[in-house]
1. Take the range 187-221 and flag every residue that is over 16 Å from the mean Cα position of the chain (by Cα), open to solvent by 50 Å² or more (accessible area, probe 1.4 Å) and at pLDDT 85 or above.
2. Restricting the search to the range 251-290, which residues are under 32 Å from the mean Cα position of the chain (by Cα) and not hydrophobic (A, V, I, L, M, F, W, C)?
3. Any chance you could count how many residues in the range 136-153 are in a loop (DSSP other than H, G, I, E, B) and open to solvent by 50 Å² or more (accessible area, probe 1.4 Å)?
4. Within the range 108-122, is even one residue in a helix (DSSP H, G or I), in contact with a Ser or Thr (Cβ under 9 Å, 6 or more places away or on another chain), within 30 Å of SER227 (Cβ to Cβ) and modelled with pLDDT under 85?
5. Among residues belonging to the range 105-135 that are in contact (Cβ under 8 Å) with a residue 24 or more places away in the chain and among the acidic types (Asp, Glu), point out the one that is most open to solvent (accessible area, probe 1.4 Å).
6. Can you tell me how many residues within the range 292-315 are touching a residue at least 12 places away in the same chain (Cβ under 8 Å) and open to solvent by less than 60 Å² (accessible area, probe 1.4 Å)?
7. Which of the following residues is without any contact (Cβ under 8 Å) to a residue 12 or more places away in the chain, of a type outside the set (Ser, Thr, Tyr), under 24 Å from VAL187 (Cα atoms) and in a helix (DSSP H, G or I): ALA233, ALA273, ALA239?
8. How do the pairs read when you match residues in the range 276-289 that are within 16 Å of MET1 (Cβ to Cβ) with residues anywhere that are outside any helix (DSSP H, G or I), using Cβ under 8 Å and keeping only pairs 6 or more apart or on different chains?
Amino acid sequence: MATWLYRLGLGAHRRRRLVLAVWLAVLAAAVGTLIAAGGKLDNEFTIPGSESQRAQDTMAEDFPAAAGTSAQIVFTAPEGSTITDPAAAQAVRRTLAAAQDAPQVAAVIPPDKAGTVTPDGRTALAQVNYDVTRSDLDDGTLDALEDTARTAEEAGLTVSVGGQAYGNGVLTPSVLELLGVVVALAVLALTFGSLLAAGMPLLTAFVGIGTGLVGLLAASSAVTVSSTALSLALMLGLAVGIDYALFVLSRHRTQLAQGMDPRESAGRAVGTAGNAVVFAGTTVIIALVGLAVVRIPFLTVMGLSAAATVLIAVL
């Protein structure tokens, strides 16, 4: 393995522009596939064979309105008035009647029946139940629900529409993840004493993460992929992507400082530190693929998605 990796390092250094072009082409191809095929995340978690899953399946069959996703419409009356005033109450009733006729709506529960009116009478919440899951909502269904609020807004009420049905399932890096990248850059800059050297592990990690996540999003048009799976793939891909590049780069810089030729140093760095990267990455991939043993679909998808991202980080 070490000899093969040594030759790979020499060849990659000799054809470095071609290697860079190939990786950029792979990333561009993944983006193009995503644009062409689209992607739709599915956050429906099932555990086949479990009692809870059998209960959910029974509810979906006998009580479809309770088994699907839901939304809420919140009405707020102006200062000095209440939601039960005749004009406000009539606007609420007209809005809920329109919501009942909106696409895919199974049932609408008014605030007075649900008991969701605040003590001061200014705010009330109505429940809108759908007979399908959030991933099965048609395009325009939620827009149609929002359009029903115009009647109440014209009557002077403040209307907000939200709830479980509005979970977008889109992967967005959190502040903590961005903060982690900043901290990693600072630590690498202090370690190497160079922003250029510190940025290289981050750059390769970002290329690997970008290729992996875009590829998973493109694959979600054909297979079930959840936003949780993408989040796990992002975190693991970022962690191992930086670490693995750091192993190789640190060895390469040490050898350059000793006067070694850059091409020879690249080959030896990949043959030695790269050998550790392959071993460590293979261990992580095996562990993640092992999640398929429990035969729980969403765990299997999470493991395979993260394993694919780690594989790209190793490559």
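1. Answer for the range 187-221, where residues must be over 16 Å from the mean Cα position of the chain (by Cα), open to solvent by 50 Å² or more (accessible area, probe 1.4 Å) and at pLDDT 85 or above: MET200, LEU203, THR204.
2. GLY274, ASN275, GLY281, THR282, THR283, GLY290
3. Of the residues in the range 136-153, the ones in a loop (DSSP other than H, G, I, E, B) are 137-140, 148-149.
Of the ones still in play, those that are also open to solvent by 50 Å² or more (accessible area, probe 1.4 Å) are 138-139.
Qualifying residue count for the region: 2.
4. no
5. ASP120
6. Summing the residues that are touching a residue at least 12 places away in the same chain (Cβ under 8 Å) and open to solvent by less than 60 Å² (accessible area, probe 1.4 Å) in the range 292-315 gives 16.
7. ALA239
8. Qualifying pairs under 8 Å: VAL278/MET1.
The values are calculated or read from the model by the stated rules, or taken from the named source; none is laboratory data. Predicted model, so just to flag it, every value in this text is computed and none were measured. When we count neighbours, we look across all protein chains shown, and the Cβ atoms used for this are built from the backbone with ideal geometry, even at glycine. The accessibility values were calculated without ligands, DNA or RNA, using every heavy atom of the protein model including side chains. Shrake-Rupley method; radii C 1.70, N 1.55, O 1.52, S 1.80 Å.
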